[in-house]
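Notes for the one structure printed next.
The values are calculated or read from the model by the stated rules, or taken from the named source; none is laboratory data. Just so it is clear, the structure is predicted and the values come from calculations on it, not from any experiment. Counting neighbours? That spans all protein chains shown, and the Cβs are built from the backbone with ideal geometry, glycine included. SASA here: full protein model, heavy atoms, side chains in, ligands and nucleic acids out. Shrake-Rupley method; radii C 1.70, N 1.55, O 1.52, S 1.80 Å.
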Amino acid sequence: MTADDARLVFAAARVARLATADARGVPHLVPLVFAVDGDVVVSAVDAKPKRTTALRRLANVRANPHVALLADHYDDADWAALWWVRADGTARVLEPGDAAARRGVALLRQRYAQYRERPPEGPVLEVAVTRWSGWRAR
């Protein structure tokens, strides 16, 4: 799979997993919804119930901006349909009033009906992807 193919397949996925690590290198993995704009992936802290709004993923990015995102498809009945795509890059946390954060939320609202009804109001995570890679069975 070429980098361009990987970007297109990733952008079509509905959910991905975000891997971050803290300053000591302790990993943290969470699922997230996202939008893709070229080589930039955005996600936002939304209103879904959370134990805290001080999310570990945001603290990790502030301490160590190197991240990876993974989207994949598994089909028990058709292994020829399997694929995965990884986006490696550098992340930053954008505060809600930031112009880039507002653009990220607009992209998310276009992609997810839930966000059109109730836009995310928290920080936005922006990942500048430096490497797209992937594999597919077909």
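Computed over protein heavy atoms with a 1.4 Å probe, the carbon and sulfur contribution to the accessible area of the chain reaches 54%. Can you classify segment 1-112 as rounded, prolate or oblate using the Cα gyration tensor, where a ≥ b ≥ c are the square roots of its eigenvalues, rounded means a/c under 1.5, and otherwise it's prolate if a/b beats b/c and oblate if not? It is prolate, given that a/c is not under 1.5 and a/b is the larger ratio.
Roughly how big is segment 23-125's charge dipole about its Cα centre, with Cβ charges of +1 (Lys, Arg) and -1 (Asp, Glu), in debye to the nearest 20?
Values: 15 positive and 12 negative charges, 124 e Å.
So the dipole magnitude of segment 23-125 works out to roughly 600 debye.
Given a 1.4 angstrom probe, what's the average accessible area per residue across the chain, in square angstrom?
On the way: 7990 Å² over 138 residues.
Counting only protein heavy atoms, the per-residue value for the chain is 58 Å².
Based on alpha-carbon centroids, what's the gap between segment 98-138 and segment 1-75 in Å, whole number please? Their Cα centres are 9 Å away from one another.
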